[in-house]
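The values are calculated or read from the model by the stated rules, or taken from the named source; none is laboratory data. Remember, predicted model here, so these are calculated numbers, not experimental data. Heads up, the Cβs are rebuilt from the backbone with ideal geometry, glycines too, and the neighbour counts pull from every protein chain shown. Note: areas computed on protein heavy atoms with side chains; ligands, DNA, RNA excluded. Shrake-Rupley method; radii C 1.70, N 1.55, O 1.52, S 1.80 Å.
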Amino acid sequence: MPSEIYGKNTVLNAALSEREFYEVFVVSQNLNECEQILKYADKKYVKINILSTKQMDIKFPKYKHQGIVAVVEDYKYTALEDVLKDNDNPFLVILDGLEDPHNLGAILRSADAVNADCIIIPKNGAVGITATVAKVSTGAIEYVPIVQVTNIARTIDKIKDYGIWVVGADINGNMLYNDIDGKMRIAIVIGSEGKGMRRLVREKCDFLVRIPMSGNVNSLNASVSAALMMYQVYNDRQK
């Protein structure tokens with residue numbers, strides 16, 4: 001099934017990664033800004049529709065489109081085995097029931113910045129790949145493999161078979177997040193907004209770590225927690 005994506009960086013990165021395009025809609029005032037995208041579309045014989053800003057707003061009322069919308073091939077998920085095959089030092093991010101597309105988009109952006117090998121999400125009961133996720137990721141969705149699985153707990157068991165240590169972010173963790181050695185084969189787990197990790201997933205973790213806080217609010221946004229955890233691994237791996 002084709003998907004709609006919008007925003008200049010999102011559509012440009014889809015073109016740079018050579019995702020298949022079916023149709024492009026662009027505001028007439030944005031032709032110069034979107035020149036690289038339009039050249040790609042023209043080279044692939046993709047229909048280009050030039051609209052006024054008003055026409056674009058009417059056609060795509062849900063999007064803050066930045067003057068460009070593309071209809072592209074649907075996102076293709078990656079198999080976990082392909083991520084782990086011949087991978088000497090895996091760095092995985094597992095999201096247990098994340099529901100906010102803005103959080104998933106932001107986590108994808110951070111994952112790209114730290115060279116995480118993939119993001120793992122459940123097939124049901126969580127946000128999947130949407131136009132909003134693609135937009136918030138500012139194109140990172142084209143570069144970070146996403147693995148969609150039926151059961152997170154069983155996937156953790158499979159990951160452990162590869163000698164990967166599983167580290168869950170938990171407000172009651174008995175270790176600090178920066179006590180973990182990010183150089184090891186590692187998968188970090190971030191729970192859903194408000195509820196955190198599910199019980200069985202929490203029990204599958206080898207380590208539970210907390211992020212210290214001294215303010216009045218006792219939890220961080222899921223994407224912020226994920227970014228802190230990912231950068232801890234990244235920094236360790238730079239030493």
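Among the residues making up the range 215-239, those that are at pLDDT below 95 and open to solvent by 80 Å² or more (accessible area, probe 1.4 Å) are ASN216, VAL217, ASN218, GLN238, LYS239. Considering the range 133-149, and only residues there that are touching a helix residue (DSSP H, G or I) at 6+ places or on another chain (Cβ under 6 Å) and closer than 17 Å to GLY97 by Cα, the residue that is modelled with the lowest pLDDT turns out to be VAL133. Within the range 89-131, if we keep just the residues that are among the aliphatic types (A, V, I, L, M) and in a helix (DSSP H, G or I), the residue that is nearest to ILE146 (Cα to Cα) turns out to be LEU108. Looking at (1) outside any strand (DSSP E or B); (2) in contact (Cβ under 8 Å) with a residue 60 or more places away in the chain; (3) open to solvent by less than 40 Å² (accessible area, probe 1.4 Å), find the lone condition where HIS65 falls short. Only one criterion is unmet by HIS65, namely (2).
Of these, ILE107, ILE152, ILE119, ILE164, which one is at pLDDT 95 or above, over 9 Å from the mean Cα position of the chain (by Cα) and surrounded by 23 or more Cβ atoms within 10 Å (Cβ to Cβ)?
Values: ILE107 fails: over 9 Å from the mean Cα position of the chain (by Cα); ILE119 fails: over 9 Å from the mean Cα position of the chain (by Cα); ILE164 fails: surrounded by 23 or more Cβ atoms within 10 Å (Cβ to Cβ).
Testing whether each residue is at pLDDT 95 or above, over 9 Å from the mean Cα position of the chain (by Cα) and surrounded by 23 or more Cβ atoms within 10 Å (Cβ to Cβ) leaves just ILE152.
Determine the pairs where a residue that is in contact (Cβ under 8 Å) with a residue 24 or more places away in the chain, located within the range 74-88, has a partner that is in a loop (DSSP other than H, G, I, E, B) and hydroxyl-bearing (Ser, Thr, Tyr) with Cβ atoms under 8 Å apart, the partner being 6 or more residues away or on another chain. Once the first residue is in contact (Cβ under 8 Å) with a residue 24 or more places away in the chain and sits in the range 74-88, its partners that are in a loop (DSSP other than H, G, I, E, B) and hydroxyl-bearing (Ser, Thr, Tyr) give LEU84/TYR162.
Being part of a helix (DSSP H, G or I), open to solvent by 30 Å² or more (accessible area, probe 1.4 Å) and either touching a Pro at 6+ places or on another chain (Cβ under 8 Å) or under 28 Å from PRO122 (Cα atoms) (or both) narrows it down to one residue among GLU18, GLU81; which is it?
Details: GLU18 fails: part of a helix (DSSP H, G or I).
Residue meeting the stated conditions: GLU81.
Please verify whether ASN49 is open to solvent by less than 30 Å² (accessible area, probe 1.4 Å), farther than 29 Å from LEU220 by Cα and outside any loop (DSSP other than H, G, I, E, B), treating the condition exactly as stated. If you could, list the steps in order and put the result at the bottom.
Working: open to solvent by less than 30 Å² (accessible area, probe 1.4 Å): yes; farther than 29 Å from LEU220 by Cα: yes; outside any loop (DSSP other than H, G, I, E, B): yes.
It is true that ASN49 is open to solvent by less than 30 Å² (accessible area, probe 1.4 Å), farther than 29 Å from LEU220 by Cα and outside any loop (DSSP other than H, G, I, E, B).
Looking at ASN30, is it under 21 Å from TYR143 (Cα atoms) and either among the β-branched types (Val, Ile, Thr) or open to solvent by 10 Å² or more (accessible area, probe 1.4 Å) (or both)? So ASN30 fails the test.
Take ASP42 and decide whether it is part of a helix (DSSP H, G or I) and closer than 30 Å to ALA227 by Cα. Full working, then the answer.
Values: part of a helix (DSSP H, G or I): yes; closer than 30 Å to ALA227 by Cα: no.
It is false that ASP42 is part of a helix (DSSP H, G or I) and closer than 30 Å to ALA227 by Cα.
Considering only the range 122-146, how many residues are surrounded by 18 or more Cβ atoms within 10 Å (Cβ to Cβ) and touching a Gly at 6+ places or on another chain (Cβ under 6 Å)? Residues in the range 122-146 being surrounded by 18 or more Cβ atoms within 10 Å (Cβ to Cβ) and touching a Gly at 6+ places or on another chain (Cβ under 6 Å): 4 in total.
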